[in-house]
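**Student:** This is the structure I want to talk about, given as structure tokens.
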Amino acid sequence: MYRWFRASTALFAFLFACCFFLASTRPCVGQTDLSGYWDMRTPNPSGDGTFRDMYFEIHQTGETIDGRLIRGTGGIPITGTFKDGAIHLVATPPAPPAPPAGATAPRRPRRPFTFDGTYENGKLTLEIPGRDGPVKSVAEKVTKEATMPPAALPLPALKDVPDNGLARTPPMGWNSWNKFAGRVDDASVRAMADAMVSSGMSKAGYTYINIDDTWELGRDANGNITSNKKFPDMKALADYVHSKGLKIGIYSSPGPKTCAGYEGTYGHVAQDAKTYASWGIDYLKYDLCSDLEIYKDDAPTLQAIYQEMGEALQATHRHIIYSLCEYGRAAPWTGWGAESGGNLWRTTGDISDRWESMSRIGFSQLKLAAYAKPGHWNDPDMLEIGNGGMTADEYRTHMSLWSLLAAPLIAGNDLRTMSDETKSILMNTEVIAIDQDPNYKPATSVSSENNIEVWMRPLHDGSVAVGLFNRGDAPAEATFKRSSLPPNLAGKKVKARDLWKHEAVTIGADGFTATVPSRGVVLLKISKR
Ligand code: GLA
């Protein structure tokens with residue numbers, strides 16, 4: 001007995017010493033080794049019954065953890081600790097690469113984010129920060145293969161897809177993402193269709209009700225895409241929107257997952273296009289997202305990826321507007337966007353409801369204006385007007401910039417609860433007429449000095465639209481000189497109208513000068529008298 005006691009004490013002491021000395025190099029006896037690959041499943045915030053998978057590679061040394069959150073080819077480095085069953089991880093996204101030549105918006109660095117939780121019975125229960133507070137996720141060990149993106153599939157040989165004849169003027173409508181994100185559902189889409197008609201938006205030209213990300217569930221036994229429980233019957237929803245005299249749009253991604261982690265079209269491109277057509281879909285926004293984990297990020301590859309869906313949509317023989325969303329990474333405006341069958345292409349990263357975001361995007365687009373043409377438009381992202389993050393002057397600047405740029409006017413607010421001011425901005429038919437001018441000619445910069453930018457766009461009837469913008473933080477004077485008028489108006493008697501005040505203004509012998517509010521605009525239409 002004593003000998004046994006002595007032996008076990010010695011063994012215990014040995015193990016303790018072992019732990020003590022080896023603690024800095026590897027997990028000790030009794031300490032679980034978390035090293036390996038993990039799949040973390042997080043329920044999507046809308047409670048639609050779908051999950052998002054995130055994969056980790058973990059290396060544990062004593063109580064110290066390093067590894068990576070597996071994303072794309074590189075991944076996001078993680079560091080942390082595992083002690084007494086508690087785990088703490090910090091993922092620090094690497095600095096973004098320099099934007100490619102011709103890109104219009106800088107790539108902004110992302111902030112580090114943390115995961116905290118516990119380990120029990122082979123599972124990690126982690127809390128991760130979510131849009132509406134922390135979200136609980138459960139991670140389990142998987143093989144390395146399970147964490148890897150699927151294989152690249154063969155892409156079509158490049159060709160020039162014929163113009164589908166749609167979007168002769170920039171598309172107008174509403175999209176769910178800016179206001180609803182993952183909370184969009186059947187009821188809210190129907191309500192937006194109702195409000196689009198009752199508010200007068202449809203009379204002003206807004207036509208498309210577009211469902212963005214988070215409608216997807218998975219695939220049925222035949223590989224057909226299915227919608228999740230927020231959208232019980234897509235065909236019935238499309239019928240409802242059509243019954244209001246409107247058209248309906250949907251969203252997907254070429255890779256296995258959309259940007260919000262829902263089912264993409266990977267391996268099912270033609271089949272999904274057919275499904276959309278069978279539901280009665282009239283508009284598709286096709287968002288790059290996880291495709292980047294599989295394919296190269298260059299113009300020929302992106303052209304092939306977008307062409308595959310462009311051809312698939314046309315093969316359905318339904319008139320479906322095709323909206324490319326690759327954030328301007330490979331300059332689709334230079335030609336391949338139209339060749340792949342696209343009617344519009346995003347030129348930047350995501351807009352947000354802040355002056356800095358909207359003005360950075362809006363004022364950087366002029367150099368792309370010459371690339372747009374009927375049927376093929378630059379898309380500097382959807383409108384934020386009415387979402388509450390900007391002042392009325394800032395929203396008038398937003399609407400004026402987008403209209404001078406002939407950008408798609410896709411409202412992103414709650415159409416049921418618009419203030420009169422929001423309505424007056426979104427439904428200013430005189431400004432909309434600039435956007436929708438039937439003979440597109442690009443706007444150009446007349447002058448740019450001390451926060452004052454003056455832009456001019458020729459219109460089909462020989463008149464011009466002139467925007468005098470003040471990007472500064474105090475009211476300032478802006479001038480448009482008569483000498484800046486195009487030859488058909490120079491030296492002629494002209495009349496002018498202030499399109500926000502809805503009144504006539506006088507162009508003097510030298511031109512027009514006005515005090516423009518901080519971050520505001522004076523928008524004129526000048527025509528031959
Ligand atoms: C990307 C797009 C957004 C929106 C989200 C949805 O970020 O740029 O406009 O569609 O995906 O996940």
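The values are calculated or read from the model by the stated rules, or taken from the named source; none is laboratory data. What you see is a predicted model, and the numbers here were worked out from it, not measured in a lab. For neighbour counting, all protein chains shown are included, and Cβ atoms are generated from backbone atoms with ideal geometry for every residue, glycine included. Each accessible area value is taken on the protein alone, full model and side chains, heavy atoms only, with ligands, DNA and RNA left out. Shrake-Rupley method; radii C 1.70, N 1.55, O 1.52, S 1.80 Å.
**Student:** Among the residues of the range 247-264, which ones are in contact with a Gly (Cβ under 8 Å, 6 or more places away or on another chain) and either farther than 19 Å from LEU344 by Cβ or in a loop (DSSP other than H, G, I, E, B) (or both)? Spell out the reasoning first.
**Tutor:** Initially, the range 247-264 is screened for residues in contact with a Gly (Cβ under 8 Å, 6 or more places away or on another chain), giving 247-249, 252-258, 260, 263-264.
Within the range 247-264, SER253, PRO254, GLY255, PRO256, LYS257, THR258, ALA260, GLU263, GLY264 qualify.
**Student:** Taking the stated definitions as given, is LEU383 within 16 Å of the ligand (Cβ to nearest atom), within 27 Å of ALA474 (Cα to Cα) and touching a Leu at 6+ places or on another chain (Cβ under 8 Å)? Spell out the reasoning first.
**Tutor:** Working: within 16 Å of the ligand (Cβ to nearest atom): yes; within 27 Å of ALA474 (Cα to Cα): yes; touching a Leu at 6+ places or on another chain (Cβ under 8 Å): yes.
Against the criterion (within 16 Å of the ligand (Cβ to nearest atom), within 27 Å of ALA474 (Cα to Cα) and touching a Leu at 6+ places or on another chain (Cβ under 8 Å)), LEU383 qualifies.
**Student:** Further, regarding this structure: Which ones in the range 475-511 are open to solvent by 20 Å² or more (accessible area, probe 1.4 Å), in contact (Cβ under 8 Å) with a residue 40 or more places away in the chain, hydrophobic (A, V, I, L, M, F, W, C) and part of a strand (DSSP E or B)?
**Tutor:** Taking the range 475-511 as the starting set, the residues that turn out to be open to solvent by 20 Å² or more (accessible area, probe 1.4 Å) are 475-477, 479, 481-484, 486-488, 490-493, 495, 497, 500-506, 508-510.
From what's left, in contact (Cβ under 8 Å) with a residue 40 or more places away in the chain: 475-476, 488, 497, 500, 502.
Applying the additional criterion that residues be hydrophobic (A, V, I, L, M, F, W, C) yields 476, 500.
The one that is open to solvent by 20 Å² or more (accessible area, probe 1.4 Å), in contact (Cβ under 8 Å) with a residue 40 or more places away in the chain, hydrophobic (A, V, I, L, M, F, W, C) and part of a strand (DSSP E or B): ALA476.
**Student:** Farther than 22 Å from GLY173 by Cα, away from the ligand (no atom under 13 Å from the Cβ) and free of Cβ contacts under 8 Å to residues at least 12 places away in the same chain, is that true of GLU356?
**Tutor:** On the way: farther than 22 Å from GLY173 by Cα: yes; away from the ligand (no atom under 13 Å from the Cβ): yes; free of Cβ contacts under 8 Å to residues at least 12 places away in the same chain: yes.
In short, yes.
**Student:** For residues in the range 150-186 being charged (D, E, K, R) and away from the ligand (no atom under 16 Å from the Cβ), which is least open to solvent (accessible area, probe 1.4 Å)? Even if it seems obvious, please write down each step before you answer.
**Tutor:** Residues of the range 150-186 that are charged (D, E, K, R), as a first pass: 159-160, 163, 168, 179, 183, 185-186.
Among the residues that remain, those that are also away from the ligand (no atom under 16 Å from the Cβ) are: 159-160, 163, 168, 186.
On the way: LYS159: 100, ASP160: 106, ASP163: 80, ARG168: 103, ASP186: 25 Å².
Filtering the range 150-186 for residues that are charged (D, E, K, R) and away from the ligand (no atom under 16 Å from the Cβ), the one least open to solvent (accessible area, probe 1.4 Å) comes out as ASP186.
**Student:** Considering only residues of the range 236-276 that are of a type in the set (Asp, Glu) and more than 14 Å from the ligand (Cβ to nearest atom), which is surrounded by the fewest Cβ atoms within 10 Å (Cβ to Cβ)?
**Tutor:** If we filter the range 236-276 for residues that are of a type in the set (Asp, Glu), which is where we start, we get 239, 263, 272.
Those left that are additionally more than 14 Å from the ligand (Cβ to nearest atom): 239, 272.
Details: ASP239: 13, ASP272: 25.
Filtering the range 236-276 for residues that are of a type in the set (Asp, Glu) and more than 14 Å from the ligand (Cβ to nearest atom), the one surrounded by the fewest Cβ atoms within 10 Å (Cβ to Cβ) comes out as ASP239.
**Student:** For the range 208-223, what are the residues that are within 25 Å of the chain's Cα centre (by Cα) and either open to solvent by 60 Å² or more (accessible area, probe 1.4 Å) or away from the ligand (no atom under 16 Å from the Cβ) (or both)?
**Tutor:** If we filter the range 208-223 for residues that are within 25 Å of the chain's Cα centre (by Cα), which is where we start, we get 208-219.
Selection gives LEU217, GLY218, ARG219.
**Student:** All but one of (1) within 23 Å of ILE410 (Cα to Cα); (2) within 20 Å of the chain's Cα centre (by Cα) hold for ASP297; which doesn't?
**Tutor:** (1)
**Student:** Which of the strands (runs of 3 or more DSSP E) contained wholly in the range 277-382 include at least 2 residues that are touching an Asp or Glu at 6+ places or on another chain (Cβ under 6 Å) and either modelled with pLDDT of 95 or more or surrounded by fewer than 24 Cβ atoms within 10 Å (Cβ to Cβ) (or both)?
**Tutor:** Working: elements: 283-287, 321-325, 344-346, 377-379.
Where strands (runs of 3 or more DSSP E) fall fully within the range 277-382 and carry at least 2 residues being touching an Asp or Glu at 6+ places or on another chain (Cβ under 6 Å) and either modelled with pLDDT of 95 or more or surrounded by fewer than 24 Cβ atoms within 10 Å (Cβ to Cβ) (or both), they are 344-346.
**Student:** Within the set of pairs 6 or more residues apart or between chains, which connect a residue that is closer than 11 Å to GLY280 by Cα inside the range 229-254 to a residue that is in a helix (DSSP H, G or I) and of a type in the set (S, T, N, Q) with Cβ atoms less than 8 Å apart?
**Tutor:** If the second residue must be in a helix (DSSP H, G or I) and of a type in the set (S, T, N, Q), the pairs left are LYS235/SER278.
**Student:** Answer yes if at least one residue in the range 152-165 is under 29 Å from the mean Cα position of the chain (by Cα), at pLDDT 95 or above and at positive phi, and no otherwise.
**Tutor:** Taking every residue of the range 152-165 in turn, at least one turns out to be under 29 Å from the mean Cα position of the chain (by Cα), at pLDDT 95 or above and at positive phi.
**Student:** If you don't mind, another one. Does the range 36-65 hold any residues that are touching a strand residue (DSSP E or B) at 6+ places or on another chain (Cβ under 8 Å), farther than 23 Å from LYS230 by Cα and open to solvent by 40 Å² or more (accessible area, probe 1.4 Å), and which are they?
**Tutor:** TYR37, TYR55, HIS59, GLU63, THR64
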